[in-house]
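Asker: Please see the structure below; I have some questions.
The values are calculated or read from the model by the stated rules, or taken from the named source; none is laboratory data. Because the structure is predicted, anything quoted here is derived from the model rather than measured. Every residue, glycine as well, gets a Cβ built from its backbone with ideal geometry; the counts of neighbours run over all protein chains shown. Each accessible area value is taken on the protein alone, full model and side chains, heavy atoms only, with ligands, DNA and RNA left out. Shrake-Rupley method; radii C 1.70, N 1.55, O 1.52, S 1.80 Å.
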Amino acid sequence: MTTTATLSLATRTLEAFNTADWETFRGLCHDDVVYVESGTGRRIEGADNYLALCQGWRAALPDVSGTVHRSLEGGGVVAQEVTWTGTHDGPLPRSDGDIPATGRAVSVDATLWIETRGDAVAEVHHHLDVMALMAQIEGMHD
């Protein structure tokens, strides 16, 4: 895949997430895609499981949107510097139970490392500032 095609794939995937176009999102992922979330230690395998995880984030933050500030590409891998913004209007799942909706706005910085194989996303490493997310949800910055 060319540099332009790899970057385009990463961009289309984020756009599909932003618009909750789950059919397109699922179609851009390999069936055996692997997702790793460094802030939580979560590791998800399989496109349907990854899709469910993303739908869960959107249920907790129904208006969530990622804005890419910078992208780098090389060797079938794209790195994106992203800011996630949204409103915590739904339950946010945690290992020790859901955090009920707070109605608080959040803005969280992250990086996505997206590895492609052929014309689909094969692996995603999401480095999300979970501490900043939790501080904003819990109102520690009010």
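Asker: Just to check I understand the Karplus step: with θ = phi - 60° and J = 6.51 cos²θ - 1.76 cosθ + 1.60, what whole-Hz values come out for the stretch 96-112, glycine and proline as x?
Answerer: 9, x, 6, 9, x, 3, 10, x, 7, 7, 10, 9, 10, 8, 7, 10, 10
Asker: Largest first, how would Asp129, Asp119, Asp32 line up by accessible area (1.4 Å probe)?
Answerer: My answer, sorted largest first, is Asp119, Asp32, Asp129.
Asker: Continuing with the same structure: Counting other Cβ atoms within 10 Å, keep those with at most 16, restrict to DSSP loop, and tell me which GluC sites (Glu not before Pro) in the stretch 88-142 are left. It would help to have the intermediate numbers written out before the result.
Answerer: On the way: sites: Glu115, Glu123, Glu138; in loops: Glu138.
Passing both the DSSP loop test and the Cβ count: Glu138.
Asker: Here's a follow-up. Residues of the stretch 28-44 with backbone nitrogen within less than 18 Å of a virtual label 7 Å along the Cα-to-Cβ line of Arg12, please, listed as ranges.
Answerer: Residues 28-33 qualify, since their backbone N sits under 18 Å from the label point.
Asker: Tell me, what is the per residue accessible area of the chain in Å², probe radius 1.4 Å? Please list the in-between numbers first.
Answerer: On the way: 7260 Å² over 142 residues.
With all protein chains present, the chain gives 51 Å² per residue.
Asker: Would any residue of the stretch 34-50 have its amide N under 16 Å from a label point 7 Å out along Cα→Cβ of Arg94? List them or say none.
Answerer: 39-42
Asker: Would you work out the charge dipole size for the chain about its Cα centre, treating the Cβ of every Lys and Arg as +1 and the Cβ of every Asp and Glu as -1, and quote it to the nearest 20 debye?
Answerer: Working: 9 positive and 21 negative charges, 20 e Å.
The dipole of the chain has a size of about 100 debye.
Asker: Round to a whole number: what % of the accessible area of the stretch 82-132 belongs to carbon and sulfur, probe 1.4 Å?
Answerer: On the way: 1410 of 2590 Å².
Ligands and nucleic acids excluded, carbon and sulfur reach 54 percent.
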